[in-house]
Amino acid sequence: MMKLDIQMFAVPDHRVSKTRKRMRRSHNALEIPGMVKCPNCGEMIKAHRVCPKCGTYKGKTVVAPKEAE
């Protein structure tokens, strides 16, 4: 008897409909990060982060602001 060098893969019994495929992929959409206005300088920054422009967080200076080069 001949030994065949083939691999067995999982093959679906039925075709997956477009609706089922799209429902499965519904969580893969990109989301917009939560942006807020810095109360000190007005720059739009991500929420709960130190402002890179003025270096403040919750009204306190945390890091030295970056100088314009």
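The values are calculated or read from the model by the stated rules, or taken from the named source; none is laboratory data. Every value quoted in this text rests on a predicted model; they were computed, and no experiment measured them. Heads up, the Cβs are rebuilt from the backbone with ideal geometry, glycines too, and the neighbour counts pull from every protein chain shown.
Annotations
Here's the yes/no breakdown for (1) at pLDDT below 95; (2) aliphatic (A, V, I, L, M); (3) within 22 Å of Pro65 (Cβ to Cβ); (4) not in a loop (DSSP other than H, G, I, E, B):
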| position | (1), (2), (3), (4) |
| --- | --- |
| Val16 | yes, yes, no, no |
| Arg22 | yes, no, no, yes |
| Ile32 | yes, yes, no, no |
| Val50 | yes, yes, yes, no |
| Lys53 | yes, no, yes, no |
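- Taking the criterion of being surrounded by 10 or more Cβ atoms within 10 Å (Cβ to Cβ) and at positive phi, the only residue of segment 1-54 that qualifies is Gly42.
- Residue check for Lys58: surrounded by 10 or more Cβ atoms within 10 Å (Cβ to Cβ) and either of a type in the set (D, E, K, R) or on the phi > 0 side of the Ramachandran plot (or both): no
- Contact map, segment 10-39: first residue touching a residue at least 12 places away in the same chain (Cβ under 8 Å) and closer than 30 Å to Gly59 by Cβ, second residue basic (Lys, Arg) and surrounded by 10 or more Cβ atoms within 10 Å (Cβ to Cβ), Cβ cut-off under 8 Å, separation 6 or more or different chains; pairs are Pro33/Lys46; Gly34/Lys46; Met35/Lys46; Cys38/Lys53.
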